[in-house]
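The values are calculated or read from the model by the stated rules, or taken from the named source; none is laboratory data. This one's a predicted model, so the numbers in the text were calculated from it and none came from an experiment. A quick note on method: Cβ atoms are made from the backbone with ideal geometry, for glycine too, and the neighbour counts reach across all protein chains shown. Ligands, DNA and RNA are stripped out before the accessible areas are found, and what is left, the full protein with its side chains, is counted by its heavy atoms. Shrake-Rupley method; radii C 1.70, N 1.55, O 1.52, S 1.80 Å.
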Protein chains: 6
Amino acid sequence: MKPIYITRRETFNAAHKLYKADWSEQKNEEIFGKCANKNWHGHNFTLWVTVKGTPHADTGFVMNLKTLSKLVKDLVIEALDHKNLNLDVPILNDIMASTENVAIVIWNILEEPVKEAGGELAKIKLEETENNYVEYYGGKQPF
Amino acid sequence: MKPIYITRRETFNAAHKLYKADWSEQKNEEIFGKCANKNWHGHNFTLWVTVKGTPHADTGFVMNLKTLSKLVKDLVIEALDHKNLNLDVPILNDIMASTENVAIVIWNILEEPVKEAGGELAKIKLEETENNYVEYYGGKQPF
Amino acid sequence: MKPIYITRRETFNAAHKLYKADWSEQKNEEIFGKCANKNWHGHNFTLWVTVKGTPHADTGFVMNLKTLSKLVKDLVIEALDHKNLNLDVPILNDIMASTENVAIVIWNILEEPVKEAGGELAKIKLEETENNYVEYYGGKQPF
Amino acid sequence: MKPIYITRRETFNAAHKLYKADWSEQKNEEIFGKCANKNWHGHNFTLWVTVKGTPHADTGFVMNLKTLSKLVKDLVIEALDHKNLNLDVPILNDIMASTENVAIVIWNILEEPVKEAGGELAKIKLEETENNYVEYYGGKQPF
Amino acid sequence: MKPIYITRRETFNAAHKLYKADWSEQKNEEIFGKCANKNWHGHNFTLWVTVKGTPHADTGFVMNLKTLSKLVKDLVIEALDHKNLNLDVPILNDIMASTENVAIVIWNILEEPVKEAGGELAKIKLEETENNYVEYYGGKQPF
Amino acid sequence: MKPIYITRRETFNAAHKLYKADWSEQKNEEIFGKCANKNWHGHNFTLWVTVKGTPHADTGFVMNLKTLSKLVKDLVIEALDHKNLNLDVPILNDIMASTENVAIVIWNILEEPVKEAGGELAKIKLEETENNYVEYYGGKQPF
C-alpha cells in the first residue's frame, strides 16, 4: 500500500518570553533581544499536524479529520491557547519556550494518541510569525 | 548532477459529497458529518504539482513551466474544474471522492505525461480548505 | 463619539450552479459558462461581517466578537455551510445563487439581529474565489 | 487634483489581556472569556496605515513610503513591538487594550506627524488574528 | 435599487525604476533609494478592479465576471505584463512609474470600456509588494 | 539528539529576463515566451532558508534567528534586492537567471557561512510568483 500524508491546521494565541533566569539581564538582552522583555510579548501561532497512512477502502480517509482535529484541539490547543507558555503550561516549565521546543512538546503530546486513533504522526510544523517557523519529524531527517 | 524541485500551482472548483451507498444515512452522517449532505457541497481546491530534475544548461529550467502548466490544465483542471467529482469524473466513479483519493488520481493522471515531457513527477499537494490538505509522493515515504 | 468598524471572518463551503430554468441549455452555457454545469460545482466561501459603533467604556469593544461570531454562525454559517445553495437554502430558492445575491441575503439575515445585539451592520464582503469577491453596504454607496 | 490613497503595512508582536480591575474574576471571564487570562496571551498584530493625497509631479508619490514607514516604525512599532500592551505602553495604561482602542491610539499618535510630513492620515486598519480586525477613519463614517 | 460592488483580481509582473532624468544621480538615490537602480528592478503587481451596480434580475450579476476579466486582460494585463513600465508602455512614457501613477493610468484605461459594458468603475487597487498598495476611486474621496 | 528544522523568510524585488544570446529572437520567444522581453520584467521573490540542527540547551534555538537573518540579508538580499539579476549580480553573469539557478546560487552563497555560524543549511525555497517556486536541498533527494 502506498502511504499518503494528511495535514490539519489549527491556531492558538499565546504570550511568552525568552529569558534564562541564571543569566544577567544584559546577557538575556544580548542573546534574545526584544524577546527577553520581562513583561512578555506574544504571537498568533499556526500549527500544522501531519499524519501518514493509507486511505481506508470504506472512507477514502487516512484518518478522519474530525478525529484528528478533536485530538489536536483537546490535547494541544486547549493547553496552549490564550495562555502564557512560560507560566501556564506545566510541560514547558523547565525549558525555554522557543518555537523549536514548543514544536517538540506538541509532537510528544500527540504521538501516542494519534497512534491509538489508527494514524502515524509524521510532522509538526509550527509558525511563530510570517517570517519564521520550525518543522519537526520526530527526529527523522528527511533532508 | 544535483536535482532540484519545481512546483506549479493551479486551482479548480468542484462539488462533491462523501457518502457510501451501502451504509445507512445515519452511519454516513456519523462518519462523514456535514460532508455527507446528499445535495452536495463544494470547495476551491488548490493543487501544487512538483517535478524533480536538473536545470538544462540552455534554459536553466528543470522543465518549461509553460509545458507543465499546459499538461496540468489539459489533463487535470479540464477534467475536474466546475465539475461534480462524484458524477462527472469517470475515474472517480467507484471510489470515495476524498481529498486523499483525488490526489492519488491526479498523480496517476500526470505521472506518465510528465515523464514523456522529460520530467519526473515528485509530489502532488492538494488543499481542500485552508485547514486541510494532503501530500502524495507516488508512494514514497520521505518521512 | 467617533465610530470605528470591527470585522469578523467566517468561512463556509457550498455547492451551487448558475442556471436559469427558462433559458435553453445553450444560452445558459453562453452566459454562465462552466458555472452552469447541471451537476453543480462548489466553493470555499469566505465571509467578512463588519459592524460599526463606538467602543464601550467598560470593555473597549464596539460589540463583543463572541456575540457577533455566534450570530453569524447560528444564522448564516449553519444555513449555508456544506449545503447546496440552490436546493438547501429556502431563502435562495427563487433567485440566482450569484455571489452578489448571496451577499445581499446574508445582509438581510444579519441586519436586525446585529441591531438587537447593540451594533450596526455596516458591510458584508463575500469572497467566492481568490479572484473575485463582492461588497455590500446595505445599499449605501461609499464610493 | 484627484486624491489617491497609499497604504503601508507593518507588523508587531505583543502580549495583552482584557481584564477590568473593578469587576470580579467571574465577570471578567464571562465577558472576556479566555482573553481575561491573568497571565496574559498575545498576538501578531498587522497594521495598515493609509495616507491620502495627490501624487507629486516630481516623484509620482503621495508621500515617500520610506518617510511613512520610518514614522510608523519610530512612533508606533518601537512603542508596541515585543511589549505588553497593558504594562509597557503608558498611553494605554488607563484604557482597555482592545483592538479598537489600540487602533484609535495609533491614529492619535500618527495624525499630526503625518500632516507635518505633508500627508493626510486617512485610515488605520489593525488585524489581531486572521479572523478579526478593526478599521478607524479618525471618526469619519465612509459607510 | 441598492448598489453592490464586485471585484476581479488579476496579476502582472513588470520591471520599472524610479528615476528623474533632470536630477543628479545623487538626488535620485536620496529620494528614490534602491528604486533608482539604473538597471531596473521589478515586482509582481496585483490588481483589483471594482465595479459598482445592481444585480440583473436574470443573472444575479452586476456584470459578468468573464466580461470584466476579458476587459482587464485585454486592455491592462496585455499592456503591462512582462513589460518594462518605463520603456514599453507609451502611456507611462512621460510620467514617473510610481504605483500611484500606474493605478491612475489603469483607471483611465478602464473607465470608458467598463461603462460601455454596462458597469461603473468604482475602484482600482494596485499592490506593489506585500507591504504597500494604493487605492484610487477616480478622484472620489470616500474617507 | 533529534534534529529539527528552522526556517527564515526574507523577500527581494528584482528585474531579470530569460534570453540566450546565441539563439535567434524567434527561438528565445518560442522557448521563454514573455520572459524573453528584451527590456526586462521583474518579480517580488520570496526566499525561505531552512537550517537543520538540535536546540541548544541554553537557548532552545537551533540557531539564533537574528544571526540567520543577518547572514541572509548581508549575503543574499544585499546582493539581489532591487537589482537586475542579469546585469548587477556577477555570480549570475554566465548562467540563465532562472528561478532554479538563482536558488542554487543562493545555496552556494549560504552553505559555508551557515556552517561557520554553527548550523547546517538544509533547504532553499524560492518563490517567483504565487504560481511557481523551486526547492533545493543541496543536491539531496528527499523524495
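Out of all the residues in region E:48-68, is one or more under 17 Å from the mean Cα position of the chain (by Cα), part of a helix (DSSP H, G or I) and at pLDDT 95 or above? There is at least one residue in region E:48-68 that is under 17 Å from the mean Cα position of the chain (by Cα), part of a helix (DSSP H, G or I) and at pLDDT 95 or above.
For residue B:108, the conditions (1) surrounded by 16 or more Cβ atoms within 10 Å (Cβ to Cβ); (2) more than 9 Å from every other protein chain (Cβ to nearest Cβ); (3) within 24 Å of residue B:18 (Cα to Cα) all hold with the exception of (1). Total residues in region B:83-105 satisfying the condition of being open to solvent by 20 Å² or more (accessible area, probe 1.4 Å) and not in a helix (DSSP H, G or I): the figure is 8.
In region F:49-64, the residues that are at the interface with chain A (Cβ under 9 Å from one of its Cβ atoms) and within 22 Å of residue F:105 (Cα to Cα) form Cβ pairs under 9 Å with partners that are part of a strand (DSSP E or B) and of a type in the set (Lys, Arg), at six or more places apart or across chains, as follows: F:50/F:8; F:50/F:123; F:50/F:125; F:52/F:123. Taking interchain pairs and intrachain pairs at least six residues apart, which have beta carbon atoms under 8 angstrom, with the first residue in region F:104-116 and touching a residue at least 24 places away in the same chain (Cβ under 8 Å) and among the β-branched types (Val, Ile, Thr) and the second exposed (fewer than 14 other Cβ atoms within 10 Å of the Cβ) and not in a helix (DSSP H, G or I)? Partner pairs satisfying both residue conditions: F:104/B:2. Go through region F:1-24 and give me each residue that's over 30 Å from residue A:107 (Cα atoms) and either assigned to a loop (DSSP other than H, G, I, E, B) or at pLDDT below 95 (or both). Scanning region F:1-24 gives F:17, F:18, F:19, F:20, F:21, F:22, F:23, F:24.
Considering (1) open to solvent by less than 20 Å² (accessible area, probe 1.4 Å); (2) out of contact with any helix residue (DSSP H, G or I) (no Cβ under 7 Å at 6 or more places or on another chain), the lone condition that residue E:62 does not fulfil carries the number (2). Within region B:1-19, restricting attention to residues that are of a type in the set (D, E, K, R) and open to solvent by 40 Å² or more (accessible area, probe 1.4 Å), the residue that is nearest to the other protein chains (Cβ to nearest Cβ) is B:2. Taking the criterion of being touching a Ser or Thr at 6+ places or on another chain (Cβ under 9 Å) and at the interface with another protein chain (Cβ under 9 Å from one of its Cβ atoms), the residues of region F:69-98 that qualify are F:81, F:96, F:98.
Return the total of residues in region F:106-130 being in a helix (DSSP H, G or I) and among the aliphatic types (A, V, I, L, M). Before you say what the answer is, go through the steps one by one.
We begin by selecting, within region F:106-130, every residue in a helix (DSSP H, G or I); these are F:106-116.
Narrowing the set further to residues that are among the aliphatic types (A, V, I, L, M) leaves F:106, F:109-110, F:114.
Here the count works out to 4.
Here residue F:133 fulfils each of the conditions (1) in a strand (DSSP E or B); (2) open to solvent by less than 20 Å² (accessible area, probe 1.4 Å); (3) away from chain A (no Cβ under 14 Å) apart from (2).
Considering the conditions (1) surrounded by fewer than 20 Cβ atoms within 10 Å (Cβ to Cβ); (2) closer than 30 Å to residue D:86 by Cβ, residue A:76 is excluded by exactly one of them, (1).
For residue C:101, the criteria (1) more than 28 Å from residue E:65 (Cα to Cα); (2) without any contact (Cβ under 8 Å) to a residue 12 or more places away in the chain; (3) facing another protein chain (nearest Cβ under 7 Å) hold in every case but one, which is (1). Under the condition of being at pLDDT 95 or above, more than 21 Å from residue B:51 (Cα to Cα) and among the β-branched types (Val, Ile, Thr), the residues counted in region F:85-143 number 3.
Restricting attention to region C:113-126, the residues that are more than 9 Å from every other protein chain (Cβ to nearest Cβ) and touching a Ser or Thr at 6+ places or on another chain (Cβ under 7 Å) total 2. Is there a residue in region C:29-44 that is surrounded by 15 or more Cβ atoms within 10 Å (Cβ to Cβ), charged (D, E, K, R), more than 9 Å from chain B (Cβ to nearest Cβ) and under 23 Å from the mean Cα position of the chain (by Cα)? No, every residue in region C:29-44 fails to be surrounded by 15 or more Cβ atoms within 10 Å (Cβ to Cβ), charged (D, E, K, R), more than 9 Å from chain B (Cβ to nearest Cβ) and under 23 Å from the mean Cα position of the chain (by Cα).
Could you look through region D:111-128, keep only residues that are out of contact with any Lys or Arg (no Cβ under 8 Å at 6 or more places or on another chain) and of a type in the set (Asp, Glu), and pick out the one that is least open to solvent (accessible area, probe 1.4 Å)? Quick ask: steps written out before the conclusion?
The first filter runs over region D:111-128 and keeps only residues out of contact with any Lys or Arg (no Cβ under 8 Å at 6 or more places or on another chain), leaving D:111-118, D:123-128.
When the remaining residues are screened for being of a type in the set (Asp, Glu), the result is D:111-112, D:116, D:127-128.
Working: D:111: 72, D:112: 91, D:116: 152, D:127: 47, D:128: 25 Å².
Filtering first and then ranking leaves D:128.
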